[in-house]
Amino acid sequence: MAGPVLVGNIVRVVGVRMSMRVEIWSDVVCPWCYIGKRRFESALAEFEHADDVEVIWRSFELDPSAPPSPATAGGHTAALAKKFGTDEASVRAMFERVTAVAAGEGLDFHFELSRSGNTFDAHRLLHLAKSRGIQDQVKEAFDDATFTKGLAVSDHQEMTEVAVASGLPRADVARVLASDEFADDVRADEALAQAHGIRGVPFFAIDDRIGVSGAQESAEILAALRQAESTQVPAAVAANSGEICDGDNPQAC
C-alpha cells in the first residue's frame, strides 16, 4: 500500500484505512522529536479511540556519519555552530528558544549537558524494545537521557543502563550491542522514510494515509487522528507547519 507523500506543503493521502496505526519517524537526539512526542501524547489523551491506536516508533538518523564516541558535555554547541556556519551565541539563542517551547510541554531541557554521537545502536535497541512490547518506554527514556540528564545514548555503557532501567533485560541489551541484530530493521525504517519522501523528523504517518510533519501543536495532531477515523477521507492534509530536525537546518538539532 502506498504511503503519505510530502509534496511541497501538502501530504497526499492514499490508500484505505485498515486499522488505527501511527508510525512515528524520530531520532533520539532530536529535540523537536521529544517535543512532538509530548504533543502527540496530549492529542492521544483526548482522542476518543485512543485504546485502539497502535504506536510504532520508526528509526531516523539525523547524522548517520556521526562518530560512535560522544562529544564532551557542552561540545554540542560548538559542533552545531561549525555545522551550520554560525556563531555559538546564535546556537545558544536557538537552545533557549527550544528550551522554552519544551518547558511549555512539561519538559526540562538542558542543552548545556548535551553530548552528540551516533544513534544507530540506540535505534537497534528500540527495535529490541518493540519486540518486547516496551518500545515507548525505552524511547521516552532515551529522549529524557539525552535532553534532560546529559547522558549519551551513543555510549554503549550509558545506553545500556538507560535501557535496562526502562525494562529491557541486561543480557538481551548486551547481546544486541555485541552483534548486528536489528540492523536490517533500522535500515528498513530509513528506506521506508525515503520512499515516503520524509526528509525531517518527527513525522507521523497515520494509517499509512495521513502524514503530519513536524512537532505540530497537539490540537493539529488530534485533528489528524480524528480525520483518519472519519469515514470521509480528504484528498490531502496540510502537514508542513510543525518544527522539524532534518540535519541541514539550524533548529538546535
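Where a number appears in this text, it was derived from the coordinates with a stated rule and is not lab data. This one's a predicted model, so the numbers in the text were calculated from it and none came from an experiment. In this analysis, Cβ positions are derived from the backbone assuming ideal geometry, glycine residues included, and neighbour counts consider all displayed protein chains.
Give the long-range amide H neighbours of residue 245: residues separated by 5 or more places, or on another chain, with amide H under 5 Å away, using H modelled in the peptide plane at 1.01 Å from N.
Answer set, sorted by chain and number: 201.
What residues have an amide H closer than 5 Å to that of residue 58, excluding those fewer than 5 places away on the same chain, when H is modeled at 1.01 Å from N in the peptide plane?
Amide H to amide H, under 5 Å and 5 or more residues apart or across chains, residue 58 pairs with 24, 25, 26.
Name the GluC sites (Glu not before Pro) in the stretch 138-215 that are in a loop by DSSP and that have at most 16 other C-beta atoms within 10 Å, would you? Provide the component values of the computation, followed by the final result.
Numbers: sites: 140, 158, 161, 181, 190; in loops: 181.
Filter output for the stretch 138-215: 181.
Mind checking which lysines have their Cα closer than 21 Å to the Cα of residue 149? Skip sequence neighbours fewer than 8 apart in that chain.
Cross-link targets: 37, 139.
Cα to Cα, under 12 Å, and not fewer than 8 places away if on the same chain: which aspartates and glutamates meet these conditions relative to residue 130?
Qualifying aspartates and glutamates at Cα under 12 Å: 54, 185.
Go through the stretch 111-126 residue by residue and turn each phi into a ³J(HN,Hα) via Karplus (6.51, -1.76, 1.60, θ = phi - 60°); whole Hz please, and just put x for glycine and proline.
Couplings: 5, 5, 9, 4, 10, 6, x, 6, 10, 4, 5, 4, 5, 5, 5, 5 Hz.
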